[in-house]
1. Loop only per DSSP, at most 12 neighbouring Cβ atoms within 10 Å: give me the GluC sites (Glu not before Pro) in the range 46-108, ordered by residue number.
2. Which cross-chain or sequence-distant (5 or more) residues have an amide H under 5 Å from the amide H of LYS15, H modelled 1.01 Å from N in plane?
3. Of the accessible area of the chain, with the probe set at 1.4 angstrom, what percent is carbon plus sulfur?
4. To the nearest whole percent, what portion of all C-alpha pairs in the chain is separated by more than 32 angstrom?
5. Given Cα positions, please report Rg to Rh for the range 113-152, the hydrodynamic radius being the Kirkwood one.
6. In a Gaussian network model over the chain where Cα atoms closer than 10 Å are linked, find which of VAL179, VAL134, VAL229 has the largest mean-square fluctuation.
7. With the Cα gyration tensor of the range 1-101 in hand, convert its eigenvalues to equivalent ellipsoid semi-axes via √(5λ) and list them largest first in whole Å.
8. Considering only PRO235, PRO136, PRO116, give the residue with the highest GNM mean-square fluctuation for the chain, with springs between Cα atoms whenever their separation is below 10 Å.
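The values are calculated or read from the model by the stated rules, or taken from the named source; none is laboratory data. Source: prediction; values computed, not measured. Quick reminder, even Gly has a Cβ in these numbers, built from the backbone with ideal geometry, and neighbours come from all protein chains shown. Side chains included, ligands, DNA and RNA excluded: accessible areas come from the protein's heavy atoms. Shrake-Rupley method; radii C 1.70, N 1.55, O 1.52, S 1.80 Å.
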Amino acid sequence: MISEIIKKSRKIVIKIGSNTLSNDEGQINKALLQNIGTQIYELIKMHKQVVIVSSGARIAGTAAIDKWVRKEDMHYKQALCAVGQVELMNAYNNTFSEFNIHIGQLLLTRDDFNDPNRTLNIRNTLFTLVDEGVIPIINENDTVSVEEIKIGDNDTLAALTANLWDADLLIMMSDIDGVYNKNPKNNKEVRLIEEIKDIDLLESEIEMEGKSDFGTGGILTKLEAARKVNKYGIPMILTNGKKRDILIDLLNNKEVATLFFREGLR
Ligand code: ADP
């Protein structure tokens, strides 16, 4: 089913989580990013269009200016993200320039999705970039996003983007293979749930405490994202982006993940 859905989807939003992008030293894992870039290039060669929603500004910033790491002040946190965003885009640029693909940066806030003029502008920019073969890379604009106006996590941002762009599929890359009945980080005997049709029912049946070191959303925001896109007929796949060639393996039925899909979806 997952393979079929990826095959028939033309417009794909791929969300890459901080934990996917970081290595054990808390830096951007450039080798993995390279691999993800190669996988995305494979999708593009299959005539698919890709929009990336990427976290990782904070870890990239931390790696660049480590003396700011323990600063709790909000302005320092935002400043760190401002520095890290450049590092992050640099890493993406290096990755995609090998394939002669340009990237475009979009930094968005919650307000941008609530204002019809702004959403229209975002839509038009996305369509133009993608039509011209550029890969848009979206992140929350941390400089202006104080707590009250924050989207807060890139799972939600990715879902809003998928709906806005009218995507065919949202792929969430995290550091787990999918949704389990319990947090796989704290429990040994866990069961992967490969297909989810009823998210309300699922929520009442699984345990989902905790999130990984750099993550901001945890599994709950992923379920909410699935709910948001499923409502508009868009399926969502939660998969382990830390595994090399995961998208290709999913395409070839060599790997498992979780598919959020309701009957009657496109
Ligand atoms: P990301 O940075 O990729 O967005 P998060 O840390 O926000 O990742 O969320 C993923 C984490 O959610 C996993 O690493 C896992 O530890 C945790 N988690 C909690 N409950 C569950 C569950 N039932 N199934 C899968 N993951 C879970």
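1. Details: sites: GLU72, GLU87, GLU98; in loops: GLU72, GLU98.
Those satisfying the criteria are GLU72, GLU98.
2. Answer set, sorted by chain and number: VAL53, ILE171, MET172, MET173.
3. Carbon with sulfur: 46 percent of the solvent-accessible area.
4. Values: 6077 of 35245 pairs.
Of all Cα-Cα pairs in the chain, 17 percent lie more than 32 Å apart.
5. Radius of gyration relative to Kirkwood radius: 1.05.
6. Of VAL179, VAL134, VAL229, the Gaussian network model singles out VAL134 as fluctuating most.
7. Values: eigenvalues 179, 37, 27 Å².
Those come to 30, 14, 12 Å.
8. PRO116
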